[in-house]
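Working notes, structure below.
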Amino acid sequence: MKTWLITGGAGFIGGNFVLDAIKQGVRVINLDALTYAGNLDTLASIENDPNHVFVHGDIGDRALVARLLAEHRPVAVVNFAAESHVDRSIDGPAAFIQTNVVGTLALLEAARDYWKTLDSPAKEAFRFLHVSTDEVYGALGATGKFTETTPYAPNSPYSASKAASDHLVRAFHHTYGLPVLTTNCSNNYGPYQFPEKLIPLIIARALAGEPLPVYGDGKQVRDWLHVSDHCRAIRTVLVKGRVGETYNVGGNAEIENIEVVKAICALLDRRHPRADGRPRESQITFVQDRPGHDRRYAIDAGKLKRELGWTAAYTFERGIAETVDWYLTHQDWVQRVLDGSYRLERIGASA
């Protein structure tokens, strides 16, 4: 049985990836610092699975990472660990540099040192896969899409920190020979997403009868990617990707934020109508735009399709309907998240 060290595996994308990896018969060493967005409830179904070893710790703890690598001998490291919310990066950028840059550097150094100890076949098979974002490319105009050769132009502290980590991963390949892979994805959505992000935030506020905040005019465009498609793409890149390469992962679903909010409102109106019968679109409230808000992102995932045969299975219509249904039937999970430090507050307004 192959073993993977997965960092950030109690977060949204990482948690979904861990659940999927266990189903695929992989033994997972799951390292997570359990910051505000880490949630062990996401992993409740595998709590007693002998193939899932959860370790509470930080990727910046080189001694801990070195011990895990030496003890469990993984064939791959998959790095999801990151501070990931743009608004929080505006209010407190230092935490993003610490985790996303300094932490990734420590993880790379530990992985490099471990990789050097392996015999030739194991050395050849080992992979370090770094999960990143399309936000490193900056913003697009009305046309065009990001490709793997698009110059980096990050516009927020979050995207700048992820751009720096991407460059470190590339440097460790070219300088030390570490067999790395990088994926840059578009906006994810789906089960277990922390309710500060747009889709689960709107669902939670709509059900609570609260205003639904939409930045600016709501016409910012994002390419929406269902998390299960993303996890399948990462698995594909890990197994089939060319060492040293970057692969963009997108859902081919460009939609304005306001249209996403309206779609959620319509789905909830049908599935869980308000007591007073009013449409939930009446709860939409336009608020001051985020400082430096990128207007449009769109991913060209053609390289991933041509070279590795991956395509997104989910349309946005199918994905958003399934996501709304998941949150409606998992209100216990949502409530336990909201009972913690997060209170659906507006953050990222300062500049």
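Throughout, read-outs are computed from the coordinates displayed, never taken from laboratory work. Just so it is clear, the structure is predicted and the values come from calculations on it, not from any experiment. A quick note on method: Cβ atoms are made from the backbone with ideal geometry, for glycine too, and the neighbour counts reach across all protein chains shown.
Observations
- For the cross-link pairs Lys2/Lys123; Lys162/Lys262; Lys116/Lys240; Lys123/Lys240; Lys162/Lys303, the ones whose C-alpha atoms lie over 19 Å apart are Lys162/Lys262; Lys116/Lys240; Lys162/Lys303.
- Label point distance in nm, Thr147-Arg336, each placed 7 Å from Cα along Cα→Cβ: 4.6 nm
- Among (1) 19.8, 68; (2) 20.5, 61; (3) 22.0, 77, the entry that matches Rg and Dmax of the Cα atoms in Å as calculated here: (1)
- For the chain, the relative contact order comes to 18 percent (Cα pairs under 8 Å, sequence separation of at least 6).
- Across the chain, the longest piece that holds none of the trypsin sites (Lys or Arg not before Pro) lying in DSSP loops with up to 15 other C-beta atoms within 10 Å covers 3-218.
- Approximating the spin labels as points 7 Å out from Cα along Cα→Cβ, the Thr3-to-Asp91 distance works out to 3.9 nm.
- For the range 116-130, putting each phi into the Karplus relation 6.51 cos²θ - 1.76 cosθ + 1.60 with θ = phi - 60° gives couplings of 5, 7, 6, 6, 4, x, 5, 5, 5, 7, 5, 9, 10, 10, 9 Hz, in residue order, rounded to whole numbers and with x for Gly and Pro.
- With R₀ set to 56 Å, the beta-carbon distance separating His167 from Arg278 gives a calculated FRET efficiency near 0.65.
- In this simple spin-label model, placing a label point 7 Å from the Cα along the Cα-to-Cβ direction at both Phe286 and Asp113 gives a separation of 5.5 nm.
- A Förster radius of 45 Å combined with the Cβ-Cβ distance from Val55 to Arg295 puts the calculated FRET efficiency at roughly 0.65.
- Calculated over the range 25-110: convex hull of Cα atoms, volume per residue (Å³): 101 Å³
- Relative contact order computed over the range 127-248 (Cα-Cα under 8 Å; 6+ residues apart), in percent: 34 percent
- The range 1-61: Rg to Rh, with Rh as the Kirkwood radius over Cα pairs: 0.93
- In terms of surrounding Cβ atoms within a 10 Å radius of their Cβ, Glu256, Glu83 rank from fewest to most as Glu256, Glu83.
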